[in-house]
1. Checking the condition of a type in the set (Gly, Ala, Ser), surrounded by 12 or more Cβ atoms within 10 Å (Cβ to Cβ) and either part of a helix (DSSP H, G or I) or modelled with pLDDT under 80 (or both), which residue from ALA40, ALA67 passes?
2. Does the range 5-20 include one or more residues that are part of a loop (DSSP other than H, G, I, E, B) and in contact with a Leu (Cβ under 8 Å, 6 or more places away or on another chain)?
3. Name every residue in the range 1-30 that is within 19 Å of VAL71 (Cβ to Cβ) and either exposed (fewer than 14 other Cβ atoms within 10 Å of the Cβ) or touching a helix residue (DSSP H, G or I) at 6+ places or on another chain (Cβ under 7 Å) (or both), in order of residue number.
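The values are calculated or read from the model by the stated rules, or taken from the named source; none is laboratory data. Just so we're clear, the structure is a prediction, and the values are computed from it rather than from any experiment. All Cβ positions, glycine included, derive from the backbone under ideal geometry; neighbour counts span all protein chains shown.
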Amino acid sequence: MKTLFLALLGCLLLALGIIGLIVPILPGFLFVLLALVCFARLFPTLRKNLSRHPRFKRYFQRLDAGAHYDVLTRCKLAFWAALEAIGTRPKQR
């Protein structure tokens, strides 16, 4: 049930993201990032690859730290992490 919900939510967010990339009113990139978070919960390989990326590593650590929170708080945390990922740049080595 949980995997079906995450898959449907990820597909919906991805569809909104694609529409948002075409229509300038909708923030498409934000929806694509939230879809990535949903799909990363379903596919361990995707999660591992995203966790290695310098931009997303910190955000997945935050999501893991908030695993004991209720669903609404985790959704808020995922939303703000995606929003922050849009506005920050990864540190250069």
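1. On the way: ALA67 fails: surrounded by 12 or more Cβ atoms within 10 Å (Cβ to Cβ).
Of ALA40, ALA67, the one residue that is of a type in the set (Gly, Ala, Ser), surrounded by 12 or more Cβ atoms within 10 Å (Cβ to Cβ) and either part of a helix (DSSP H, G or I) or modelled with pLDDT under 80 (or both) is ALA40.
2. Taking the range 5-20 first, the residues part of a loop (DSSP other than H, G, I, E, B) are none.
Scanning the range 5-20, I find no residue that is part of a loop (DSSP other than H, G, I, E, B) and in contact with a Leu (Cβ under 8 Å, 6 or more places away or on another chain), so the answer is no.
3. As a first pass, look at the range 1-30 and keep what is within 19 Å of VAL71 (Cβ to Cβ): 1-13.
The answer is MET1, LYS2, THR3, LEU4, PHE5, LEU6, ALA7, LEU8, LEU9, GLY10, CYS11, LEU13.
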